[in-house]
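Input: one structure, supplied below.
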Amino acid sequence: MTKYEQAIYELIESSRSHMTAEQIYAALKQRYPTIVLATVYNNLKKLSQSSRVRKVIVEGQPDRYDRRTRHDHLICADCGALLDIDLGDLTQQFQERVPEPLLGYDLRLLYRCEACRRKRVDNPEEGERQP
Ligand SMILES: [Zn+2]
Ligand SMILES: [Zn+2]
């Protein structure tokens, strides 16, 4: 791994905040003032293609990057906030119902986060306009 690749990998592994490329760039910029955003994007692509980091895609939002350790996500249906949830390894349970060997799975459980729930209570009309 190159210096930047290693630094990006370590940052993602130790983070629990599901950072976007821009946020990773901002964090690295403090340590490597000369780094450019394109370098971050290139390294993120390499790291996710080789499965060393996990790319989390939420519709309508920039991609986020996450550690590989097995866990699943609760996603707020309103604002897209991500919460880690440990459901254990369900591969065996899924495999029993799938005729072909499974490579993995990507579960997203939808919910509404507390801030968004409160927003709906305060502004029921606004809540309806933004389902
Ligand atoms: Zn929310
Ligand atoms: Zn996560």
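The values are calculated or read from the model by the stated rules, or taken from the named source; none is laboratory data. On a predicted model such as this, the values are computed, not experimentally measured, just so you know. So basically every Cβ, Gly included, is an ideal-geometry build from the backbone, and we count neighbours across all protein chains shown. The area values use the complete protein model at the heavy-atom level, side chains included, leaving out ligands, DNA and RNA. Shrake-Rupley method; radii C 1.70, N 1.55, O 1.52, S 1.80 Å.
Tell me which residues, restricted to segment 17-32, are surrounded by 12 or more Cβ atoms within 10 Å (Cβ to Cβ) and either among the basic types (Lys, Arg) or over 13 Å from the mean Cα position of the chain (by Cα) (or both).
Matches in segment 17-32: 22, 25, 26, 27, 28, 29, 32.
For residue 10, indicate whether it is closer than 29 Å to residue 107 by Cβ and in contact (Cβ under 8 Å) with a residue 24 or more places away in the chain.
Here the answer is no, as residue 10 does not meet what is asked.
While we're here: Residues 56, 98: which one is β-branched (Val, Ile, Thr) and within 16 Å of ligand 1 (Cβ to nearest atom)?
56
Now for a separate question. For residues in segment 88-104 being open to solvent by less than 100 Å² (accessible area, probe 1.4 Å) and polar (S, T, N, Q), which is nearest to the chain's Cα centre (by Cα)?
Per the criteria, the residue is 91.
Consider residue 130 carefully, then state whether it is out of contact with any Pro (no Cβ under 8 Å at 6 or more places or on another chain), at pLDDT below 95, assigned by TED's automatic domain parsing to the domain that holds residue 10 and within 16 Å of ligand 1 (Cβ to nearest atom).
no
What single numbered condition from (1) open to solvent by 70 Å² or more (accessible area, probe 1.4 Å); (2) within 16 Å of ligand 1 (Cβ to nearest atom); (3) in the same structural domain as residue 11 (by TED's automatic domain parsing) fails to hold for residue 114?
The failed condition is (3).
Here are some residues: 57, 85, 35, 75. Which one is among the β-branched types (Val, Ile, Thr), closer than 28 Å to residue 1 by Cα and under 13 Å from the mean Cα position of the chain (by Cα)?
The conditions single out 57.
Return the pair list, or none, for Cβ contacts closer than 6 Å from residues in segment 80-99 that are under 25 Å from residue 65 (Cβ atoms) to residues that are more than 15 Å from ligand 1 (Cβ to nearest atom) and in a strand (DSSP E or B), at least 6 apart or on different chains.
The qualifying pairs are 85/72; 87/72.
Limited to segment 48-78, what total is found for residues that are over 14 Å from residue 18 (Cα atoms) and exposed (fewer than 14 other Cβ atoms within 10 Å of the Cβ)?
Residues flagged as over 14 Å from residue 18 (Cα atoms) and exposed (fewer than 14 other Cβ atoms within 10 Å of the Cβ) within segment 48-78 amount to 7.
Does residue 122 satisfy the criteria of being within 12 Å of ligand 2 (Cβ to nearest atom) and surrounded by fewer than 10 Cβ atoms within 10 Å (Cβ to Cβ)?
Answer is no for this residue.
Mind listing whichever residues of segment 1-16 are open to solvent by less than 90 Å² (accessible area, probe 1.4 Å) and not in a helix (DSSP H, G or I)?
2, 15
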